[in-house]
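Data block below; observations after.
The values are calculated or read from the model by the stated rules, or taken from the named source; none is laboratory data. Keep in mind that this is a model prediction, so the values were computed, not measured. Cβ placement follows ideal geometry from the backbone for every residue including glycine, while neighbour counts extend to all protein chains displayed.
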Amino acid sequence: DVLDPERLIQCPLVKHHQIRARRFPYHLVKCKESNPEIAKKLATCPFNARHLVPWPDLSDHIMKCNDKAFMEQDGVSQSCQPPQEQVTNGSPWQAPPCYEDWE
């Protein structure tokens, strides 16, 4: 199961590292620091920071990345929402109406 936090994922930096999915983001940070020469050869996917691919393969990965669809779908849903009205101080936040009567 892709969503299982206990499944093992192979580290893209050091192939013999097997990491639990829930710890994978933390491992990537540490492993990049421990292996800077290998990290220089890998590019980070713009759609998912967990995807590290060799620089020459980045454009191919971007075209095929499964997370690209989620980003495009999210962008479409956000663009369909009406823009929020600006308040005079520049903040889009407005206080909700108050129906409390303390008297």
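Scanning segment 10-39 for residues that are β-branched (Val, Ile, Thr) and closer than 20 Å to Leu58 by Cα turns up Val14, Val29, Ile38. Can you say whether Leu42 is touching a strand residue (DSSP E or B) at 6+ places or on another chain (Cβ under 9 Å) and either of a type in the set (A, V, I, L, M, F, W, C) or modelled with pLDDT under 95 (or both), as far as the supplied structure shows? So Leu42 fits the description; yes.
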